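Worksheet for the structure shown next.
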Amino acid sequence: MSESSGVRLDSWVWSVRLFKTRSAAAAACRAGHVRVNGTSAKPAQALRIDDEVRVRVDGRERIVVVARLIRKRVGAPEAALCLIDKTPPPPPREVLMSVPLRDRGSGRPTKRERRELDRLRGFNED
């Protein structure tokens with residue numbers, strides 16, 4: 001395939017196994033969860049080699065660079081050759097567990113809860 005011809009974005013993202021189905025890839029594009037070179041992209045946008053694709057999947061952003069253009073879904077080892085993964089590693093579990101979470105819908109923290117949070121985060125008023 002020549003470099004001048006492009007491949008549909010939803011087809012390529014599905015082919016390299018970032019989404020399980022092509023319809024899920026197209027829906028993510030329409031919802032604005034897929035960006036190409038920093039701009040939101042439609043499912044039919046043509047991809048070229050060296051384009052940067054940012055995909056939001058399961059609450060995490062994947063950053064990949066197009067290394068090869070493919071139209072059909074292939075095996076995982078060959079799909080890995082079609083992209084360069086530049087996704088930063090996830091934060092350690094200790095950091096994620098140390099962040100205090102409030103119950104959804106519980107409203108604003110009370111004065112007492114705010115002081116406890118400040119104490120936990122290391123903000124002292126002294």
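The values are calculated or read from the model by the stated rules, or taken from the named source; none is laboratory data. Quick caveat: nothing in here was measured; it's all calculated off a predicted structure. Here the Cβ positions follow ideal geometry from the backbone for every residue, glycine too, while neighbour counts run over all protein chains shown. Note: areas computed on protein heavy atoms with side chains; ligands, DNA, RNA excluded. Shrake-Rupley method; radii C 1.70, N 1.55, O 1.52, S 1.80 Å.
When the residues of segment 25-51 are narrowed to those that are within 16 Å of the chain's Cα centre (by Cα) and among the β-branched types (V, I, T), which ends up surrounded by the most Cβ atoms within 10 Å (Cβ to Cβ)? Result: V34. Per the listing R121, R68, R22, the residue uniquely farther than 15 Å from R8 by Cα and open to solvent by 50 Å² or more (accessible area, probe 1.4 Å) is R121.
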